[in-house]
Amino acid sequence: MVLVDSSAWIEFFRTKVNVTGDSVENLLDANEAALCGVVEMEILHGLHPHEQKKVAELFKVLLYIETERQDFIEAGYILAKLRSTGITIPATDALIAAICLRHDLSLLSLDKHFNHIF
């Protein structure tokens, strides 16, 4: 299973004819795309009202990974470790990484700062 990050969803929704769009499409076709609350929130808040219903319907059929207390704790450790090396990333991305680590999920993202974690 692969957790699809908001950056990959944005590319998929903008144009499906690119490497990232193709990757998301393949994951959807293979029923291997996963979603978490942080990504769902990031995508839905950035959509126009007429787009929200369509995307919400798509998201309903994906494997949904619940966020648990241990994910927040692990995200805190990730943030502290990175900060100690002079690297700062968004807390939401540390949370996404923690979820992936706990569930042994791959991550499809265009954000380079995930390279500091995985």
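Filtered by the rule that a residue be of a type in the set (Gly, Ala, Ser) and crowded, with 21+ Cβ neighbours inside 10 Å, the range 7-30 gives a lone residue, 8.
Of all the residues that make up the range 65-91, how many are assigned to a helix (DSSP H, G or I) and of a type outside the set (Lys, Arg)? Within the range 65-91, residues that are assigned to a helix (DSSP H, G or I) and of a type outside the set (Lys, Arg) number 14.
All conditions but one from (1) over 18 Å from residue 93 (Cα atoms); (2) among the charged types (D, E, K, R); (3) surrounded by 14 or more Cβ atoms within 10 Å (Cβ to Cβ) apply to residue 57; the one that does not is (3). The residues of the range 10-64 that are modelled with pLDDT under 95, assigned to a loop (DSSP other than H, G, I, E, B) and not basic (Lys, Arg), listed by number, are 15, 17, 18, 46, 47, 48. Is it the case that residue 33 is out of contact with any Cys (no Cβ under 9 Å at 6 or more places or on another chain) and either surrounded by 14 or more Cβ atoms within 10 Å (Cβ to Cβ) or of a type in the set (Lys, Arg) (or both)? Yes: the conditions hold for residue 33. Does the range 70-89 contain any residue that is under 12 Å from the mean Cα position of the chain (by Cα) and either surrounded by 15 or more Cβ atoms within 10 Å (Cβ to Cβ) or not β-branched (Val, Ile, Thr) (or both)? Scanning the range 70-89 turns up no residue that is under 12 Å from the mean Cα position of the chain (by Cα) and either surrounded by 15 or more Cβ atoms within 10 Å (Cβ to Cβ) or not β-branched (Val, Ile, Thr) (or both).
The C-beta contact set for the range 18-41 (first residue within 23 Å of residue 90 (Cβ to Cβ), second residue at pLDDT below 95 and assigned to a helix (DSSP H, G or I), distance under 7 angstrom, 6+ apart or interchain) comprises 20/11; 20/12; 24/12. Please verify whether residue 21 is touching an Asp or Glu at 6+ places or on another chain (Cβ under 6 Å) and on the phi < 0 side of the Ramachandran plot, treating the condition exactly as stated. When the stated conditions are applied, residue 21 passes them.
Take the conditions (1) more than 16 Å from residue 1 (Cα to Cα); (2) free of Cβ contacts under 8 Å to residues at least 40 places away in the same chain; residue 102 misses just one of them, which is (1). In this structure, residue 114 qualifies as in contact with a strand residue (DSSP E or B) (Cβ under 7 Å, 6 or more places away or on another chain), at pLDDT 95 or above and among the aromatic types (Phe, Trp, Tyr). Being surrounded by fewer than 16 Cβ atoms within 10 Å (Cβ to Cβ), part of a helix (DSSP H, G or I), touching an Asp or Glu at 6+ places or on another chain (Cβ under 7 Å) and at pLDDT 95 or above is a condition met by at least one residue of the range 99-110.
The values are calculated or read from the model by the stated rules, or taken from the named source; none is laboratory data. Note that the coordinates shown come from a computational prediction; the quantities given were computed from them, not determined experimentally. Quick reminder, even Gly has a Cβ in these numbers, built from the backbone with ideal geometry, and neighbours come from all protein chains shown.
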